[in-house]
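To keep things clear, I will list the structure first and then write my remarks on it.
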Amino acid sequence: MLRALAVDDERPSLEELLYLLQADPRIGSAEGAGDATEALRRINRALESGPGGPEAIDVVFLDIQMPGLDGLDLARLLTGFARPPLVVFVTAHEDFAVQAFDLKAVDYVLKPVRKERLAEAVRRAAELRGAAPRIPVHEPDPDHIPVELGGVTRFVPVDDITHVEAQGDYARLHTDKGSHLVRIPLSTLEERWRSRGFVRIHRRHLVALRHIGELRLDAGTVSVLVGSEELQVSRRHTRELRDLLMRRP
């Protein structure tokens, strides 16, 4: 059973988060803190108590934008502790996901928080703490990829994705209508979508062959035009890309 601490400066959001956590059978206890400073004091008591002590905390569900010490600041402080609790960021803003990854966050949940999405974050934390067995995951829909936007899960057709950009352990999916950040490494998408015509052109980019409009060569530098965006092709991937484009129907 996980012992959780929820941190949010907005009281209604904090109460809603605590309600959802307490309803999860994997959560043994859940308490709240109204700001990062209060949370830091509570975490210090937990660390003094020890991992098996009565004050122990296993996972912190942490808002990012708070007055004074914000959630990212608190997470940075926790990285200096010998045995810090796990961190799950809960925020209304997608823009901080890469920073969250750099701070070794377990998950990044967007507000408004949905019960099913929070349950997934709890599952990940429980597995890392050894509090729950691994449950087999169903194979994903090969034609769509789920993305989160404002607490709503949308299923983006893979055929609409023009290219993918690596951002740490995340990937940004680009379409003609915008982009979406997903917590999947670029290498995983490369393997999964190779048969669908996606090819690696750079350590940071995966491109759908069908969306390449031009192959450009300028002073020894190779690039491709994908929509209105020009992407550089690394030397190690140039020959394979040219061969694939020549064979393209």
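The values are calculated or read from the model by the stated rules, or taken from the named source; none is laboratory data. As the structure is a computational prediction, the values presented were derived from the model and not from experiment. Reconstructed Cβ throughout: ideal geometry from the backbone, glycine too, with neighbour counts over all protein chains shown. Remember, those area values only see protein heavy atoms, side chains included, never the ligands or the DNA or RNA. Shrake-Rupley method; radii C 1.70, N 1.55, O 1.52, S 1.80 Å.
Largest accessible area first, the residues His237, His211 order themselves as His211, His237 under a 1.4 Å probe with ligands, DNA and RNA left out.
Scaled to the globular estimate 2.2 N^0.38 Å, the Cα spread of the chain, given as radius of gyration, is 1.19.
In a simple Cβ point-charge model (Lys, Arg +1; Asp, Glu -1; nothing else charged), region 177-249 has a dipole of about 280 debye relative to its Cα centre.
For region 1-78, which GluC sites (Glu not before Pro) are in a loop by DSSP, counting at most 13 other Cβ atoms within 10 Å? The partial results should precede the final answer.
On the way: sites: Glu10, Glu15, Glu16, Glu31, Glu38, Glu48, Glu55; in loops: Glu10, Glu55.
Answer by residue number: there is no such site.
Farthest towards the positive end of the charge dipole of region 35-130, among the residues Ile57, Val113, Ala92, is the Cα of Ile57, using unit charges on the Cβ of Lys, Arg, Asp and Glu. Amide H contacts for Gly32 (H built 1.01 Å from N in the peptide plane; partners 5 or more residues away or on another chain; cut-off under 5 Å): Ala6. Under the simplified labelling scheme, the Glu94-Glu190 pair shows an inter-label distance of 2.4 nm, with each label point 7 Å from Cα along Cα→Cβ.
When only Cα pairs below 8 angstrom with a gap of at least 6 residues are kept, the chain shows a relative contact order of 11 percent.
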